[in-house]
Each structure stands twice: as C-alpha cells, then as structure tokens.
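**Student:** Quick one: the structure is below, and I'll ask about it shortly.
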Amino acid sequence: MTNLKKSGAFSLGDHTVTRLGYGAMQLAGPGVFGPPKDRDTALAVLREAVASGVDHIDTSDFYGPHITNQLIREALHPYAQDLVIVTKVGAMRGTDGSWNPAQSPAELTRAVYDNLRNLGLDVLDVVNLRIMGDVHQPSEGSIEPQFTALAELQRQGLIRHLGLSNATSGQVVQAQRIANVVCVQNHYNLVHRHDDALIDELGQKGIAYVPFFPLGGFTPLQSGTLSAVAQKLGATSMQVALAWLLARAPNMLLIPGTSSPGHLKENLAAAELVLADDVLAELEDIGQNHG
C-alpha cells in the first residue's frame with residue numbers, strides 16, 4: 001500500500017493533515033449533477049481513500065446537489081477522529097444543472113445547515129466561501145458581507161475554520177480582517193500558474209493552498225510533453241502533475257478526485273513519486289509560456 005505520509009504534512013485549521021487528500025466532486029453524476037452511475041462503487045472509493053490514509057476530503061452540498069455529502073455520510077459516518085471534511089458554500093444548482101450564485105447571508109446560512117444535515121455533523125471542520133464574481137476565475141470585489149455571515153456562524157459554533165475558493169490576494173487580506181483564513185482553493189497546475197505569488201504569500205502566513213484541476217487548461221502540445229515525461233518515469237500524467245504540485249510548495253494540499261478505485265490508487269501513489277532536478281526543470285519548461 002502507498003505510504004501517503006511521504007507526501008508530507010501541513011496544518012489545516014487545528015489539524016495537521018497529510019498533503020495528499022481526496023476530492024469528492026466526481027462521485028456525483030455527469031456534470032456533477034444527479035446520482036452516480038454506480039452508488040456502490042462511489043461508496044467503495046470513499047472507504048478505500050480513508051483506508052489508504054487519506055485524512056482530508058473536499059466536498060460541497062452543491063455537488064449533486066446533496067449527493068456527495070450523502071455518500072460521504074453513508075460510507076464513512078461515524079467519522080474517524082482525524083478525518084477533516086472541507087466543504088464549500090456560495091453556489092446553488094439550477095434544475096438544469098447550472099451553477100448559480102447563492103451569496104446572501106440567508107443563502108449561506110441555509111447552505112451551512114444543509115451541509116451539517118447531509119454530512120451528519122454538529123459542526124463543520126472547514127467551510128470555504130466559493131466566490132462567484134467571475135465563476136471561472138478569481139476577480140476583485142468585496143466579500144465582506146459573505147465572509148462576515150460565515151464568521152457569525154463560526155462564532156455560533158457551527159463552523160470550526162473558514163477558507164476561500166476562487167479568491168484573489170486582496171480578498172484573502174480582506175477576509176483575514178474579519179476572521180482567520182486557513183486555506184485558499186483555486187485553479188492552479190503546471191501550466192496554469194497565475195497564483196504563483198499568492199501561494200508563496202500564503203505559505204509565509206501558514207495558510208494552506210489547495211489547487212484544483214491538476215490537468216485543466218493544458219494545450220495538446222503541453223499534454224503531449226507531460227505524457228512523454230510520465231512515460232520516461234513509468235508513471236501516469238496525473239501522477240507527475242500531482243508530484244510536481246507537491247514539490248512546488250510545502251503549503252500545497254492536494255485533492256485529486258475520481259470515481260474509480262483504480263484511479264484512486266494511481267493518484268495516491270503520487271505521494272511516493274520523487275521528481276529529480278532534471279525532471280523538474282523539464283516540467284517547468286512546459287509551463288514557461290503560461291502567461
């Protein structure tokens with residue numbers, strides 16, 4: 001079995017977690033909407049992840065909606081004492097599967113209670129505010145009303161820790177004036193490098209950075225080059241992409257998602273993949289012109 005501890009550890013709120021975790025988004029149906037094609041397999045993937053040493057899981061009640069949280073509860077409740085479940089609020093799904101902002105204090109409060117109910121918890125470990133100014137990428141704009149509402153729920157004892165998703169550096173600073181931020185979750189990978197400075201800023205503050213879409217936004221040429229590197233190493237492209245992220249910064253926490261037990265095993269094996277300096281240099285060349 002893969003030794004996940006080889007990926008290292010970093011703080012997430014009042015827990016120290018292994019840096020390679022699991023993202024539950026893909027357990028829902030196509031388009032992250034509706035039930036999974038195979039519910040038993042979805043439950044098996046969650047149980048195998050925890051049995052393999054995963055101690056932090058990323059989810060949201062708007063995945064499905066409600067589906068992934070209900071699967072997590074069925075598969076894993078009562079939860080292991082060291083398992084940290086990180087969820088997100090700030091969006092809701094339309095009947096057509098669309099992703100719509102749900103940013104008012106009332107909507108955020110309702111979302112927190114939905115997460116509590118569907119996960120079977122009295123308090124949520126970490127709640128990320130998913131900022132919806134620009135759905136596809138971070139964009140400047142005040143988040144004071146939204147984050148203040150979540151901070152109030154934290155004071156009420158419903159949330160232990162707060163984080164941000166789809167956030168700019170300025171929004172992190174603004175949120176920190178309201179309540180402590182323990183993690184930031186943004187799109188970042190080998191070729192999508194816009195958050196390089198933010199990652200280093202967060203690391204200096206002891207804040208975890210959680211990248212999503214580890215293979216998202218690659219051109220065919222970049223994907224081909226990555227595949228060639230992976231083939232030389234006897235690894236998959238995803239394993240190399242994850243290993244590069246682990247090497248990029250010590251405050252990086254990974255949440256690769258899959259609905260396949262086989263892919264789960266492959267992804268977690270990235271914890272033991274060490275990239276030599278020449279390989280890291282070759283990978284850096286892939287992302288040189290990320291803009």
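**Student:** Quick one: count up the residues across region 5-27 that are of a type in the set (Phe, Trp, Tyr) and under 15 Å from residue 265 (Cα atoms). It would help to see each step written out before you state the result.
**Tutor:** Start the filter on region 5-27 by keeping residues that are of a type in the set (Phe, Trp, Tyr), which leaves 10, 22.
In the following step, the residues that additionally are under 15 Å from residue 265 (Cα atoms) were identified as 22.
Residues that pass the stated criteria total 1.
**Student:** Now, a different point. Find the residue count for region 68-83, including only residues that are surrounded by fewer than 24 Cβ atoms within 10 Å (Cβ to Cβ) and hydrophobic (A, V, I, L, M, F, W, C).
**Tutor:** Going residue by residue through region 68-83, those that are surrounded by fewer than 24 Cβ atoms within 10 Å (Cβ to Cβ) are 70, 73-83.
After this cut, where a residue has to be hydrophobic (A, V, I, L, M, F, W, C) as well, the list is 75-76, 80, 83.
So the count comes out to 4.
**Student:** Do we find that residue 28 is under 20 Å from residue 252 (Cβ atoms), in contact with a strand residue (DSSP E or B) (Cβ under 7 Å, 6 or more places away or on another chain) and of a type in the set (Gly, Ala, Ser) in this structure?
**Tutor:** Numbers: under 20 Å from residue 252 (Cβ atoms): no; in contact with a strand residue (DSSP E or B) (Cβ under 7 Å, 6 or more places away or on another chain): yes; of a type in the set (Gly, Ala, Ser): yes.
Criteria not met by residue 28.
**Student:** While we're here: Going through 130, 73, 93, 110 one at a time, which residue ends up being touching a Pro at 6+ places or on another chain (Cβ under 6 Å) and of a type outside the set (Ser, Thr, Tyr)?
**Tutor:** Numbers: 130 fails: touching a Pro at 6+ places or on another chain (Cβ under 6 Å); 73 fails: touching a Pro at 6+ places or on another chain (Cβ under 6 Å); 110 fails: touching a Pro at 6+ places or on another chain (Cβ under 6 Å).
Criteria check complete, one pass: 93.
**Student:** Residue 216 - would you say it is surrounded by fewer than 19 Cβ atoms within 10 Å (Cβ to Cβ), touching a strand residue (DSSP E or B) at 6+ places or on another chain (Cβ under 9 Å) and not basic (Lys, Arg)? Steps first, answer last, please.
**Tutor:** Values: surrounded by fewer than 19 Cβ atoms within 10 Å (Cβ to Cβ): yes; touching a strand residue (DSSP E or B) at 6+ places or on another chain (Cβ under 9 Å): yes; not basic (Lys, Arg): yes.
The answer is yes for residue 216.
**Student:** Could you say whether any residue in region 220-232 is open to solvent by less than 30 Å² (accessible area, probe 1.4 Å), in contact with a Leu (Cβ under 7 Å, 6 or more places away or on another chain) and small (Gly, Ala, Ser)?
**Tutor:** No, that holds for no residue.
**Student:** For residue 6, work out the one condition from (1) farther than 19 Å from residue 127 by Cα; (2) assigned to a loop (DSSP other than H, G, I, E, B) it doesn't fulfil.
**Tutor:** Among (1) farther than 19 Å from residue 127 by Cα; (2) assigned to a loop (DSSP other than H, G, I, E, B), residue 6 violates only (2).
**Student:** Something else now. Would it be correct to say that residue 235 is part of a loop (DSSP other than H, G, I, E, B), free of Cβ contacts under 8 Å to residues at least 40 places away in the same chain and out of contact with any helix residue (DSSP H, G or I) (no Cβ under 6 Å at 6 or more places or on another chain)? Let's see the steps before the verdict.
**Tutor:** Details: part of a loop (DSSP other than H, G, I, E, B): yes; free of Cβ contacts under 8 Å to residues at least 40 places away in the same chain: yes; out of contact with any helix residue (DSSP H, G or I) (no Cβ under 6 Å at 6 or more places or on another chain): yes.
So residue 235 passes the test.
**Student:** Moving to a separate point now. Going by the conditions given, is residue 124 in contact with a strand residue (DSSP E or B) (Cβ under 7 Å, 6 or more places away or on another chain) and either of a type outside the set (D, E, K, R) or over 16 Å from residue 256 (Cα atoms) (or both)? Before the answer, list the steps.
**Tutor:** Values: in contact with a strand residue (DSSP E or B) (Cβ under 7 Å, 6 or more places away or on another chain): yes; either of a type outside the set (D, E, K, R) or over 16 Å from residue 256 (Cα atoms) (or both): yes.
Here the answer is yes, as residue 124 does meet what is asked.
**Student:** Between residues in region 120-134 that are on the phi > 0 side of the Ramachandran plot and residues that are open to solvent by less than 10 Å² (accessible area, probe 1.4 Å), which pairs lie under 9 Å by C-beta distance while being six or more apart or on different chains?
**Tutor:** 120/69; 120/72
**Student:** So residue 127 ticks every box in (1) under 19 Å from the mean Cα position of the chain (by Cα); (2) of a type outside the set (D, E, K, R); (3) more than 27 Å from residue 196 (Cα to Cα) but one. Which box is left unticked?
**Tutor:** (3)
**Student:** Let me ask another. Which one of 11, 60 is at pLDDT 95 or above, surrounded by fewer than 18 Cβ atoms within 10 Å (Cβ to Cβ) and within 15 Å of the chain's Cα centre (by Cα)? So that I can check it myself, show each step before the final result.
**Tutor:** On the way: 60 fails: surrounded by fewer than 18 Cβ atoms within 10 Å (Cβ to Cβ).
Of the residues listed, the single one that is at pLDDT 95 or above, surrounded by fewer than 18 Cβ atoms within 10 Å (Cβ to Cβ) and within 15 Å of the chain's Cα centre (by Cα) is 11.
The values are calculated or read from the model by the stated rules, or taken from the named source; none is laboratory data. Quantities reported herein were computed from a predicted structural model and do not represent experimental measurements. As a convention, Cβ positions derive from the backbone with ideal geometry for all residues, glycine included, and neighbour counts pool all protein chains shown. Side chains included, ligands, DNA and RNA excluded: accessible areas come from the protein's heavy atoms. Shrake-Rupley method; radii C 1.70, N 1.55, O 1.52, S 1.80 Å.
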